[in-house]
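The values are calculated or read from the model by the stated rules, or taken from the named source; none is laboratory data. All figures in this text were calculated on a predicted structure; none of them were measured in a lab. Cβ atoms come from the backbone with ideal geometry, glycine included; neighbour counts cover every protein chain shown.
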Amino acid sequence: MWNLLYQNPICFKKKTAQVHIKIRQDQLKHITTLQTAKSCLHLQPPWQSTHSLSKLSNKYTHLQDLDIVNQNLILMSKMKEIQKKKNSFKTPTSYSIDHLRRKETTKIILENQTLLKRLQSAHSQYPIKFLKKDHERIKQYRENLQKTKRTYNDFNVLAQQEVQRRVMSSSQSQRKFLQTSQRNRQHTCQTVPSQL
């Protein structure tokens with residue numbers, strides 16, 4: 001019968017559709033059961049048998065457990081001692097802190113004074129003539145920079161100046177045009193009567 005199923009395309013499509021629908025329904029059932037299930041955490045130690053097949057392995061695990069317990073006890077005793085010692089320590093008084101601060105400040109002041117004396121007693125490595133030449137050259141550079149035209153940072157002022165230049169140049173060109181056109185008229189007027 002399954003041969004007939006695969007030979008007929010309509011039956012084959014129907015069967016595959018049914019299979020896909022069943023798979024989809026199974027998936028939806030699985031998802032709904034997972035959503036309704038409660039999550040649980042097992043924080044207990046893993047299960048161990050009370051007896052083991054070999055007494056030797058049971059002996060080693062028991063020794064390891066005892067060793068871990070002993071190390072934990074040692075750590076706990078150390079932590080308790082540290083807590084007791086912290087309470088027994090005396091905090092330094094403000095007088096002793098002030099005294100230490102004064103000592104430090106006087107020490108720093110003395111070091112600064114010795115350093116200042118060394119700096120004042122040392123002679124300069126550069127000759128005075130060299131420094132004077134440098135100073136004169138820098139002074140000349142400053143004067144040159146001050147002589148140059150002032151640059152405008154305000155672009156509105158620059159735009160106004162540009163507009164004025166264009167207006168002036170256009171008015172001058174118009175004047176020249178008018179002057180040349182008047183000359184041409186006068187020239188043509190003078191030539192016409194002479195030809196008659």
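Total residues in region 72-112 satisfying the condition of being assigned to a helix (DSSP H, G or I), among the hydroxyl-bearing types (S, T, Y) and modelled with pLDDT under 85: the figure is 4. Can you name the residue in region 41-70 that is at pLDDT 70 or above and hydrophobic (A, V, I, L, M, F, W, C) and is also farthest from the chain's Cα centre (by Cα) among such residues? Per the criteria, the residue is L63. Taken over region 113-135, the residue count meeting the criterion of being loosely packed, with under 10 Cβ neighbours inside 10 Å and either touching a Cys at 6+ places or on another chain (Cβ under 7 Å) or at pLDDT below 85 (or both) is 9.
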